[in-house]
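Worksheet for the structure shown next.
The values are calculated or read from the model by the stated rules, or taken from the named source; none is laboratory data. Fair warning: this is a prediction, and the values are worked out from it, not measured in the lab. Positions of Cβ are backbone-derived with ideal geometry, glycine not excepted, and every protein chain shown enters the neighbour counts. Please note that ligands, DNA and RNA were not included when accessible areas were found on the heavy atoms of the full protein model with its side chains. Shrake-Rupley method; radii C 1.70, N 1.55, O 1.52, S 1.80 Å.
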Amino acid sequence: MTETSAGILTIDLDAVQANYDLLNLRLSGPELAAVVKADAYGLGLGEVAPALARAGCTTFFVATLQEGIELRAILKDADIHIFNGADHGEGPAFIKNRLVPVLNSPDQLNIWTNGCARQNEHGRADLHVDTGLSRRGLTASELSQLSGALPQMELVDIDVVMSHLACADQPDHPMNLEQKHAFDAAVSQIGSKRKSLASSSGIFLGPQYHYDLARAGAALYGVNPHPGAPNPMRQVVRIQGKILQVRSVDTPTSVGYGATHRATRPSKIATVAVGYADGYFRSLSNAGTAFVGDYEIPLVGRVSMDLTTFDVTDIPAGLVAPGQMVDLVGPKNPIDKVAGQAGTIGYEMLTNLGMRYQRVYSGGGRALK
Ligand SMILES: *Cc1c(COP(=O)(O)O)cnc(C)c1O
């Protein structure tokens, strides 16, 4: 424990590598690419990406050009793809950093082919086709128009043709098969390129969704790709908050801003030094729980910026003294559970972890394969 920080965020890089192995086993054949956008889902690109490379990962996806440039500085040899594609004027930065854009629209295709023509080279790029998410990617009609523009297409060396599923975390949802059919129809127009449809949850829909390459993010970081079933992934994150004070209260005392909690019996309240500025969401107010060892303790009152209060009346006194730590996320309350209590998903919780935690990385030192 540190003397100076009020919370400890432990990131288990062995677990990240074990999760990479586990997904790889599920795929048995197709390549597993790691999605490390948003600072590796808030866990630290500089630590997580090398750990994944040591686990054998060679292909990485990030969202933005800036993230790609950062990752290139960390991994000199990795194959790095950029979901957002290349915008006007960005071509040289892509080429200099050996980044592969995912082209999402006819406009992006033009930007890239023109850029490549000027540079007199065949720029490798991926093509994203929209099969039902309606966010980005070429629509079916844009795609069929492209077939008439083959000379232009020849300037681009299309590597991966990809699409993204809307409901992959609901295995029985009819959208999954509809999107798979739309994807098959799309790729049949493009010819033999590498194909990619599955992200974390898609891997668990079965081999017919695996194609040549899967793009996993959340599952690598311990989020359950299979909500409703036991989580097959190892937990990566533990968040501990330090108890600052323990006070006794009696009726009719209230706790916290807005006096939203009132003691109904003589109680003990522990004040923990983590709040919404640390990404411990305010929506956990009067709804969350934490753990002291094996004891679950209810969050009472509102989460404030730096502090959160828990009812520890029923916990043996020795376990809840100032300076001791409580598990805000831990072995008994994994990220998905706490995110659920906050009314959100593990993805949002991870990408909002604040900057005030003392970050402790463990493991991850596997020899480069
Ligand atoms: C973020 C993202 C992924 C990774 O999704 P996970 O559910 O975190 O595995 C894959 N593909 C695309 C297009 C994405 O934007």
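Things worth noting here:
- Per the listing I69, I95, I80, the residue uniquely in a helix (DSSP H, G or I) and either more than 15 Å from D157 (Cα to Cα) or in contact with a Ser or Thr (Cβ under 9 Å, 6 or more places away or on another chain) (or both) is I69.
- Residue selected from segment 157-189 under the condition over 22 Å from P225 (Cβ atoms) and outside any helix (DSSP H, G or I), by the criterion nearest to the ligand (Cβ to nearest atom): V161
- Of everything in segment 105-139 that is touching a strand residue (DSSP E or B) at 6+ places or on another chain (Cβ under 8 Å) and open to solvent by 70 Å² or more (accessible area, probe 1.4 Å), the residue that is modelled with the lowest pLDDT is H122.
- In segment 236-257, the residue that is least open to solvent (accessible area, probe 1.4 Å) out of those that are within 18 Å of Y347 (Cβ to Cβ) and away from the ligand (no atom under 16 Å from the Cβ) is I239.
- Taken over segment 275-293, residues that are assigned to a strand (DSSP E or B) and either open to solvent by 10 Å² or more (accessible area, probe 1.4 Å) or not assigned by TED's automatic domain parsing to the domain that holds T351 (or both) amount to 2.
- Of the numbered criteria (1) surrounded by 20 or more Cβ atoms within 10 Å (Cβ to Cβ); (2) on the phi > 0 side of the Ramachandran plot, the one G89 fails is (1).
- Looking at L177, L197, L213, just one residue is open to solvent by 40 Å² or more (accessible area, probe 1.4 Å) and among the hydrophobic types (A, V, I, L, M, F, W, C), and that residue is L177.
- Yes/no for S201 being within 15 Å of the ligand (Cβ to nearest atom) and either of a type in the set (S, T, Y) or in a loop (DSSP other than H, G, I, E, B) (or both): yes
- Being small (G, A, S), in contact (Cβ under 8 Å) with a residue 60 or more places away in the chain and open to solvent by 20 Å² or more (accessible area, probe 1.4 Å) is a property that G340 lacks.
- Within segment 80-99, residues that are over 21 Å from A33 (Cα atoms) sit with their Cβ atoms under 9 Å from residues that are aliphatic (A, V, I, L, M) and in a loop (DSSP other than H, G, I, E, B), at 6+ positions apart or across chains, in these pairs: A93/A86.
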